[in-house]
Protein chains: 2
Amino acid sequence: MEIQPIAWFESPFPTKFGIPRQSGLVPDLTGRIVFEPEYRQMEAVRGLEAFDYLWIIWEFSANRDAEKSLTVRPPRLGGNQRMGVFATRSPFRPNNLGLSCVRIDRIEHDAKLGPVIYVKGADLMHHTPIYDIKPYVAYADAHPEARSGFVDNTEWEPLKVELPKELENKIPTDQVASLIATLQQDPRPRYHNDPNRIYGMPFLTFDIRFKVADNVLTVVEIK
Amino acid sequence: MEIQPIAWFESPFPTKFGIPRQSGLVPDLTGRIVFEPEYRQMEAVRGLEAFDYLWIIWEFSANRDAEKSLTVRPPRLGGNQRMGVFATRSPFRPNNLGLSCVRIDRIEHDAKLGPVIYVKGADLMHHTPIYDIKPYVAYADAHPEARSGFVDNTEWEPLKVELPKELENKIPTDQVASLIATLQQDPRPRYHNDPNRIYGMPFLTFDIRFKVADNVLTVVEIK
């Protein structure tokens, strides 16, 4: 079937590199949902302010032409074990559909854009097309006791992040915490392990350059 | 964007009438997911058996030609209050996309169909097209404390169901509990209130005929 974007996501991540690998992992990460013109009326979201969380159904738009396979190698498993694509949330999947649970921070009325939903904890790239949003209904959606397969069994330690003060000063103050929390998640593709390699992560309009050795990520340059 | 079904749902509900209004409401309701030929290999679901729940992204296929509006009237609010379509899970929504969390009962290998996923608690009609399935990951998806808007504030009392023994005997024994639990949810369109009106709900190959008076639903005939 043919589906049309109802909205677009705006986030500090201009590319998919560095985006947290699941929603909620970096709770302070702020983004916003801007509707397509035909939904730019406050009545389209009437009642939403009384919910804490939102589901977003969106497109892994950067993977449109990516090759697909019935199995994938989850980064949580070190990238060397294959799981069925339908047993993972891998971004490489038949219909490129993503699903994220984000916290509603606030809903603002913009004279031009209509309702703008500010959310926290999103794992969406800037300018991601959104196909639906639905309120999170705890009685149907919350299963805190659920077994979660390989995700339960993998120990995972956030990286320690060293961000020298003179580099930190280049970043808007209200974005520093999200940047650090994102880096703690280890943005490297799968488990690279070359301590001398320098990676560049686009964040807002910056290029954050860093290296990783012994579970310490050091930011070496911000351009 | 164009999306293609990866699977189809098989359920006791041949039409949308009577389907529980959210996943999990009738936990014993059993259905199954049958893949399209290109995904009929066990490796496509490898690892899924270690998860308890599954997300299904599907199509409200019976509403393809339904009229859409920016606001809807949730049955939980008695059908007389309008909410924004994006503040509800209404089946009348721009891209007809449905989202359900179901419990994985078991995964079987069928010589012809490949992996077949048996699930419980689904709110999908028979032969619903499915566009993606993803495992439920508790750390990202479970927010039991989440405020859930109008859903939190509406008292809702299940109906008492009277199913005479001679009618019950017409239904396969293993389906009786789901039928009763479904009827308790009040399958009537919004809040009809004519105690003499007889409704017919298709269930499996049967037509379940019932009426409702004073919060008691009485099954009067099963054809």
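Assorted remarks:
- Enumeration of residues in the stretch A:176-199 that are in contact with a strand residue (DSSP E or B) (Cβ under 8 Å, 6 or more places away or on another chain) and either of a type in the set (Asp, Glu) or in a helix (DSSP H, G or I) (or both): A:Ser178, A:Leu179, A:Ile180, A:Thr182, A:Leu183, A:Gln184, A:Asp186
- Of note, B:Asp194 satisfies the criterion of being without any contact (Cβ under 8 Å) to a residue 40 or more places away in the chain, more than 21 Å from the chain's Cα centre (by Cα) and at negative phi.
- Of the criteria (1) surrounded by fewer than 17 Cβ atoms within 10 Å (Cβ to Cβ); (2) assigned by TED's automatic domain parsing to the domain that holds B:Arg76; (3) within 30 Å of A:Ile130 (Cβ to Cβ), which one B:Ala44 fails: (1)
- Check on B:Arg46, touching a Ser or Thr at 6+ places or on another chain (Cβ under 7 Å) and free of Cβ contacts under 8 Å to residues at least 24 places away in the same chain: yes
- Look at (1) touching an Asp or Glu at 6+ places or on another chain (Cβ under 7 Å); (2) at the interface with chain B (Cβ under 7 Å from one of its Cβ atoms); (3) farther than 26 Å from A:Ala181 by Cα and you find that A:Asn96 fails only one, number (2).
- In the stretch B:77-90, the residue that is farthest from A:Ile104 (Cα to Cα) out of those that are at the interface with chain A (Cβ under 10 Å from one of its Cβ atoms) and not aliphatic (A, V, I, L, M) is B:Gln81.
- Every residue from the stretch A:96-118 that is assigned to a loop (DSSP other than H, G, I, E, B) and surrounded by 18 or more Cβ atoms within 10 Å (Cβ to Cβ): A:Asn96
- Annotation: A:Trp8 fulfils all but one of (1) in a loop (DSSP other than H, G, I, E, B); (2) in contact (Cβ under 8 Å) with a residue 40 or more places away in the chain; the unmet one is (1).
- Single unsatisfied condition, A:Pro135 versus (1) without any contact (Cβ under 8 Å) to a residue 24 or more places away in the chain; (2) buried (at least 22 other Cβ atoms within 10 Å of the Cβ): (1)
- Selection of the stretch A:82-105 for residues being without any contact (Cβ under 8 Å) to a residue 40 or more places away in the chain and more than 18 Å from B:Trp55 (Cβ to Cβ) yields only A:Arg82.
- Of all residues in the stretch B:29-63, those that are facing another protein chain (nearest Cβ under 8 Å) and part of a loop (DSSP other than H, G, I, E, B) total 4.
- Unmet criterion (only one of (1) surrounded by 12 or more Cβ atoms within 10 Å (Cβ to Cβ); (2) under 18 Å from the mean Cα position of the chain (by Cα)) for B:Glu221: (2)
- Test: residue in the stretch A:165-177 that is surrounded by 11 or more Cβ atoms within 10 Å (Cβ to Cβ), under 30 Å from B:Arg147 (Cα atoms) and among the aliphatic types (A, V, I, L, M): yes
- Restricting the stretch A:6-28 to residues that are within 25 Å of B:Met1 (Cα to Cα) and within 13 Å of chain B (Cβ to nearest Cβ) leaves a set whose member that is surrounded by the fewest Cβ atoms within 10 Å (Cβ to Cβ) is A:Arg21.
- Residue in the stretch A:157-164 that is within 14 Å of another protein chain (Cβ to nearest Cβ) and either in contact (Cβ under 8 Å) with a residue 24 or more places away in the chain or closer than 27 Å to B:Phe51 by Cα (or both) present: yes
- Taking the criterion of being within 9 Å of chain B (Cβ to nearest Cβ) and over 22 Å from A:Ile3 (Cα atoms), the residues of the stretch A:64-76 that qualify are A:Leu70, A:Thr71, A:Pro74.
- Checked against the criterion of being part of a loop (DSSP other than H, G, I, E, B), buried (at least 20 other Cβ atoms within 10 Å of the Cβ) and among the basic types (Lys, Arg), the stretch A:85-95 contains one or more residues that satisfy it.
- Of the residues making up the stretch A:1-59, those that are among the hydroxyl-bearing types (Ser, Thr, Tyr) and within 16 Å of the chain's Cα centre (by Cα) are A:Ser11, A:Thr15, A:Ser23, A:Thr30, A:Tyr53.
- Screening the candidates A:Asp132, A:Asp110 for the property of being acidic (Asp, Glu) and within 14 Å of chain B (Cβ to nearest Cβ) yields one hit, A:Asp132.
The values are calculated or read from the model by the stated rules, or taken from the named source; none is laboratory data. Just so it is clear, the model here is predicted, and its values are computed rather than measured. Reconstructed Cβ throughout: ideal geometry from the backbone, glycine too, with neighbour counts over all protein chains shown.
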